[in-house]
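A.B. asks: Supplied in structure tokens, the structure appears directly below.
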């Protein structure tokens, strides 16, 4: 039931603030947990788990640094793959949250060809998924809009990718991540995309059409959440709003950014509680 789904927040939207401060703020807003940025130079898994426990929060998922798993240069791909393998170790240390995976953010066209880079993406993700399987972890392939990445823009793209990964029957730990903000750009019907994803949907992100709080844009969240309920979605709802202003890849843009972000988070949680936790 949607009414019982936990609510989380992406830590990257708070910029470079320390995890303890982010956890304190998120807990004070009444959220249940976090999607952590995969910072391998930050606190260890043990330290991170303690910080979250101190604030009564769970870790739902990890989002990666911006690395390029489909780059035609083998050295670049190898560095990206190594990052993911170390991220999987962190996930295992944290108790097995989902690990999201996507194309390089900011590269909106192939360096070589789409066919070659898609094949490279498949091959590299396959090796990561195999390692994840050995650690009892699941990957979530995220569909991003075309203005951020040239790979996996729609639910259909992501589903076809996952199907190709599993066509030999040896990869069964990869699902997809759909994001309301990205779907607003790419999907003719976001609710229908969720329905089409069905059991393969393992993670859902929420922000309104302007990437602000739920209710500040034109996204029909009633339809999307109804679709989530109909497919039996059991994962968390991760709220991923950002402060207004230029440069969507920079979370904190000015002195008032944090105030805006917390207002959006508070409004989003209140909307969800009012409409879906009655």
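Read-outs: derived from the displayed coordinates by stated rules, not from any lab. What you are looking at is a predicted structure, and each value in this text was computed from that prediction instead of being measured. Cβ: placed from backbone, ideal geometry, glycine included. Neighbour counts: every protein chain shown.
A.B. asks: Taking square-rooted eigenvalues a ≥ b ≥ c of the alpha carbon gyration tensor, is the stretch 210-262 rounded, prolate or oblate, where a/c under 1.5 means rounded and, failing that, a/b exceeding b/c means prolate?
C.D. replies: prolate
A.B. asks: Which length gain, in nm to one decimal place, applies between residue 74 and residue 266 when the Cα-Cα distance is subtracted from 0.36 nm times their residue separation?
C.D. replies: 64.7 nm
A.B. asks: Let me ask you something else. What is the gain in length, in nm to one decimal, between residue 220 and residue 41 on full extension, counting 0.36 nm per residue of separation less the C-alpha to C-alpha distance? Walk me through the numbers before you get to the answer.
C.D. replies: Values: separation 179, 0.36 × 179 = 64.44 nm, distance 3.87 nm.
In short, 60.6 nm is gained.
A.B. asks: In percent, what relative contact order does the stretch 2-276 have, based on Cα pairs under 8 Å that are 6 or more apart in sequence?
C.D. replies: Answer for the stretch 2-276 is 18 percent.
A.B. asks: Order these by the 10 Å Cβ neighbour count, fewest first: 146, 126, 109.
C.D. replies: 109, 146, 126
A.B. asks: What full-extension length gain, to one decimal in nm, is calculated for residue 18 and residue 199 as 0.36 nm per residue of separation minus the Cα-Cα distance?
C.D. replies: Difference between extended and current length: 61.6 nm.
A.B. asks: Now for a separate question. Let me know the shape class of the stretch 166-278, please: from the alpha-carbon gyration tensor, a ≥ b ≥ c as square roots of the eigenvalues, rounded when a/c is under 1.5, otherwise prolate if a/b is greater than b/c, or oblate.
C.D. replies: prolate
A.B. asks: If we count other beta carbons within 10 Å of each Cβ, what is the order of 114, 183, fewest first? Provide the component values of the computation, followed by the final result.
C.D. replies: Details: 114 12, 183 26.
Lowest to highest Cβ neighbour count: 114, 183.
A.B. asks: Please rank 99, 105, fewest neighbouring Cβ atoms within 10 Å first, as an exposure proxy.
C.D. replies: 105, 99
A.B. asks: Okay, next question. If you count, for each residue, the other Cβ atoms within 10 Å and average over each peptide, how do 66-73, 203-210 line up from highest to lowest?
C.D. replies: Working: 66-73: 19.4, 203-210: 22.1.
Going by the mean number of other Cβ atoms within 10 Å, highest first, we get 203-210, 66-73.
A.B. asks: Answer rounded, prolate or oblate for the chain, using the Cα gyration tensor with square roots of eigenvalues a ≥ b ≥ c: rounded when a/c is under 1.5, else prolate when a/b is larger than b/c, else oblate.
C.D. replies: Cα axes put the chain in the rounded bin.
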